[in-house]
1. Show me the strands (runs of 3 or more DSSP E) found entirely inside the range 124-172 where at least 1 residues are within 22 Å of N114 (Cβ to Cβ).
2. Please enumerate the residues belonging to the range 55-94 that are open to solvent by 80 Å² or more (accessible area, probe 1.4 Å), among the basic types (K, R) and in a strand (DSSP E or B).
3. Can you find even one residue in the range 135-150 that is without any contact (Cβ under 8 Å) to a residue 60 or more places away in the chain and among the charged types (D, E, K, R)?
4. Within the range 122-147, can you find the residues that are within 28 Å of F94 (Cβ to Cβ) and open to solvent by 60 Å² or more (accessible area, probe 1.4 Å)?
5. Among the residues of the range 88-108 satisfying the criterion of being modelled with pLDDT under 95 and among the acidic types (D, E), which is farthest from T152 (Cα to Cα)?
6. If you check every pair at least six apart or on different chains, which have Cβ atoms under 6 Å apart with a residue in the range 63-81 that is closer than 23 Å to N163 by Cα and touching a residue at least 40 places away in the same chain (Cβ under 8 Å) first and a residue that is open to solvent by less than 50 Å² (accessible area, probe 1.4 Å) and aromatic (F, W, Y) second?
7. Taking V171 as meeting all but one of (1) farther than 30 Å from G71 by Cβ; (2) open to solvent by less than 60 Å² (accessible area, probe 1.4 Å), write down the number of the exception.
Amino acid sequence: MLQSAPNNLKTVIMKKTTKIILIAFLFTGISLLYKSDIFAQQEQINKFNTIVKINNDGSVNIKEEITYDFGDNLRHGIIRTIPTIKINEKGEKFKITIKDISVFKDSGEPHKFNVIKKGSSGEMELKIGDPDKKVSGENFYEINYLVLGGLTYFEDYDEFYWNFTGNQWDVP
């Protein structure tokens with residue numbers, strides 16, 4: 001009976017060691033899975049330039065140059081949200097009209113896009129990209145549009161208040 005005790009002890013130790021090794025492999029596998037997501041390139045906006053020209057008639061031409069990096073992700077394109085309601089200091093709301101919209105690639109070729117007007121939120125979305133094609137990596141978007149009703153006139157000065165980049169981006 002004394003001889004079987006060491007064999008039982010060896011069996012218990014082997015079972016515990018096997019459990020520890022299996023748990024270690026499990027944690028290693030899970031951490032590698034999460035690390036692969038962490039190390040995968042995240043989407044981000046690498047560059048966002050805005051050129052504004054206020055015209056004599058009070059309209060405003062806006063040109064946005066956006067360099068968007070999709071990383072390893074496959075996407076159809078970007079969504080650019082533009083405000084269509086302006087609220088003054090008194091809390092009064094004014095409608096802004098956006099028209100003459102065009103979108104180009106860095107090559108000068110036009111990008112496909114759709115305009116979605118969100119009346120309740122006072123915004124419009126430009127869904128830019130080909131619904132039949134996905135892109136990844138760095139892509140360039142030039143967005144041009146005309147703003148009507150964007151200026152505010154005061155007794156001493158006129159003001160163009162505009163959130164150039166918007167608040168609707170889900171990426172840095």
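1. Numbers: elements: 138-148, 151-153, 158-160.
Fully inside the range 124-172 and qualifying: 138-148.
2. R75, K93
3. Here is the first cut: in the range 135-150, the ones without any contact (Cβ under 8 Å) to a residue 60 or more places away in the chain are none.
Within the range 135-150 (the criterion being without any contact (Cβ under 8 Å) to a residue 60 or more places away in the chain and among the charged types (D, E, K, R)), the answer is no, since none of the residues qualifies.
4. Matches in the range 122-147: K127 only.
5. Looking at the filtered set, the residue picked out is D106.
6. I66/F48; I66/Y141; I78/Y68
7. Evaluating V171 over (1) farther than 30 Å from G71 by Cβ; (2) open to solvent by less than 60 Å² (accessible area, probe 1.4 Å) leaves (1) as the failure.
The values are calculated or read from the model by the stated rules, or taken from the named source; none is laboratory data. Since this is a predicted model, take the numbers as computed values, not measurements. Heads up, the Cβs are rebuilt from the backbone with ideal geometry, glycines too, and the neighbour counts pull from every protein chain shown. Heads up: the accessible areas ignore ligands, DNA and RNA and are worked out on the full protein's heavy atoms, side chains in. Shrake-Rupley method; radii C 1.70, N 1.55, O 1.52, S 1.80 Å.
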